[in-house]
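*Asks:* Just dropping this structure here.
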Ligand code: ADP
């Protein structure tokens, strides 16, 4: 068995083809071949299989070697193409070689055939490898270019005298990259102070061989942008300047600093409020305590005026105590330090206790209190004191914002799936549509005129909302201005993972 060779023979004479094949076999080849003698047949042969070599007669009745060569070239192949001809002049042979034929052999000198084929196969192999290497280089260059393009920086190669030798634009810096600024000097493009910096840092880079980093500002289209430039040595007497737009980063830094300052101020405010509230509570407790002693007349009678003064002291100081408690809660919420003490709450008992607490107040306002408690809702898991606080706040508001002539306030409690639903409805003054969104904000009293008249801190609903959410619940309000309001909150019957207000913010 010889060396396998796939040979396409372009030859009209079958006899000549047989001679060729015999020569190939004698030279140690084992040819797989096809003989064609028309362009169509050759095109078909090229199409349907892979060939190692093409051997063509120069002229045939319906075809010729130059035509066959063109056909091969057109099909994008680069196979060794050898002419084997009986009669071919020197000049024709030279022209054929110029056109791309690799060699020509006279039919009477077929002994050359196999050595020529071997040489051409070897050369074709080298050509193929060379092409592959070229393709690989092109691919790698394309990859590098893509990588470079993906970098959001603009790059300049700058000579010692600040001439731009090369550049890569950055999409977001297009105003700095006119197409024609190659070979321009920096001072033709940039303001004097930036050029001064560039000149200085170019010198420093070349002198020290170390990367130089500096920032500069440019006013573009009425906007002040900030850039960071890195200068690195990139050759004899030239630097590579990598320029990045850091405007957004700078703005974010400023914002972060402002936020830090705000957070610090807010923390300081909370700490101050907490300390002051705490310090106020101690003397206030004794004011209330001693006033109560006076009111109870344990140490002597009071005249009518004194009694009324003591009553005023008690009302004022209780109000103050309430306010201080609210402020303390608020600071705890803001600091994320408010935590719940989860217990099993006997719902009907707690609701009745709470209603009892506001009975007197309701009577003063001519408000009838009603309660509808679902017997199925007997126990829920939650913070008992905080539940009372929420309910008291809603009930107090419902009474406080009742109409002058009085009205009704209804407390409803029922089971809603795995939640307990509490509602406080009133037939009071109601809330304007526009004000509904503000209700739960700290220190928000929606109708300042009216609220002054009603009194309050504007903290109750904000605290209630936080407390409800801390339980894993939610609170909503429905109201019709002039007709009344309903505040509804839902708490999980079984406590969810304990949370603190930190996670609610
Ligand atoms: P405060 O009652 O101390 O003013 P809240 O946070 O409890 O503070 O309430 C905020 C505001 O919401 C009140 O000032 C009032 O304007 C409005 N509001 C609350 N509850 C009612 C209600 N039941 N009817 C009408 N307005 C209400």
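Bear in mind these aren't lab numbers, they're just calculated from the coordinates by the rules spelled out. Everything numeric in this text was worked out from a predicted model, so none of it was measured. All Cβ positions, even for glycine, are placed from backbone atoms using ideal geometry, and neighbour counts span all protein chains on display.
*Asks:* Roughly speaking, what is the centre-to-centre gap between region 197-243 and region 88-140 when only Cα atoms are used, to the nearest Å?
*Replies:* 54
*Asks:* Could you let me know the centre-to-centre spacing of region 266-311 and region 323-377, using Cα atoms, in angstrom?
*Replies:* Measuring centre to centre over Cα atoms gives 23 Å.
*Asks:* Nearest 10 degrees is fine. How inclined is helix 14-26 to the longest principal axis of the chain, computing both from alpha carbons?
*Replies:* Tilt relative to the chain: about 80 degrees.
*Asks:* Above 20 angstrom, tally the Cα pairs of region 227-304 and express them as a % of all pairs, no decimals.
*Replies:* It works out to 70 percent of all Cα pairs.
*Asks:* Helix 247-295 versus the longest principal axis of the chain: what angle, 0 to 90°, nearest 10, using Cα atoms?
*Replies:* So the helix axis and the longest Cα principal axis differ by about 20 degrees.
*Asks:* Let me ask another. If you line up the long axis of helix 304-334 against the longest principal axis of the chain, both from Cα atoms, how many degrees apart are they, to the nearest 10?
*Replies:* Relative to the chain, helix 304-334 is tipped by roughly 10 degrees.
*Asks:* Work out how much length residue 278 to residue 75 would gain on full extension: take 0.36 nm times their residue separation and subtract the Cα-Cα distance, in nm to one decimal.
*Replies:* Between residue 278 and residue 75, full extension yields 63.7 nm more.
*Asks:* What order, most packed first, do the peptides 324-335, 119-130, 156-167 have when packing is the mean number of other Cβ atoms within 10 Å of each residue?
*Replies:* Working: 324-335: 19.8, 119-130: 12.8, 156-167: 17.3.
Top to bottom by mean Cβ count within 10 Å: 324-335, 156-167, 119-130.
*Asks:* Looking only at Cα atoms, what is the convex hull volume of the chain per residue, in Å³?
*Replies:* Dividing the Cα hull volume of the chain by its residues yields 371 Å³.
*Asks:* Next question. Per residue of the chain, what 222 nm ellipticity follows from adding -39500 (n - 2.57) for every DSSP H run with n ≥ 4, rounded to the nearest 500? Spell out each step's value before the answer.
*Replies:* Values: 12 runs with 231 residues, N = 505.
Roughly -15500 deg cm²/dmol at 222 nm, from the helical runs in the chain.
*Asks:* Hey, could you get me the Stokes-Einstein D for region 336-397, Kirkwood radius over alpha-carbon pairs, 25 °C and 0.890 mPa s, rounded to whole µm² s⁻¹?
*Replies:* The estimated diffusion coefficient comes to 192 µm²/s.
*Asks:* Right, another one. Do you know the relative contact order of region 133-266, to the nearest whole percent, from alpha carbon pairs under 8 angstrom that are 6+ apart?
*Replies:* Details: 178 pairs, mean separation 28.9, N = 134.
So the answer I get is 22 percent.
*Asks:* As a test of the definition: which semi-axes, in Å, follow for region 58-203 when you take the square root of five times each eigenvalue of its alpha carbon gyration tensor? Largest first, please.
*Replies:* Working: eigenvalues 694, 50, 43 Å².
Listed largest to smallest, the semi-axes of region 58-203 are 59, 16, 15 Å.
*Asks:* Extending each Cα 7 Å along its Cβ direction at residue 118 and residue 144, get the distance between those two points in nm, one decimal.
*Replies:* Using points 7 Å along Cα→Cβ, the separation is 4.1 nm.
*Asks:* Another question about this same structure. Return the percentage of antiparallel bridges among DSSP beta bridges fully within the chain, rounded to the nearest 5 %. Before the final figure, lay out each step's value.
*Replies:* Details: 57 of 83 bridges.
DSSP beta bridges in the chain are roughly 70 percent antiparallel.
*Asks:* Show me 397-410, 184-197 ranked by packing, highest mean number of other Cβ atoms within 10 Å first.
*Replies:* Working: 397-410: 19.2, 184-197: 14.6.
Top of the packing list down: 397-410, 184-197.
*Asks:* Would you give the gap between the C-alpha center of region 1-69 and the C-alpha center of region 378-422, rounded to a whole Å?
*Replies:* Distance between centres, Cα-based: 101 Å.
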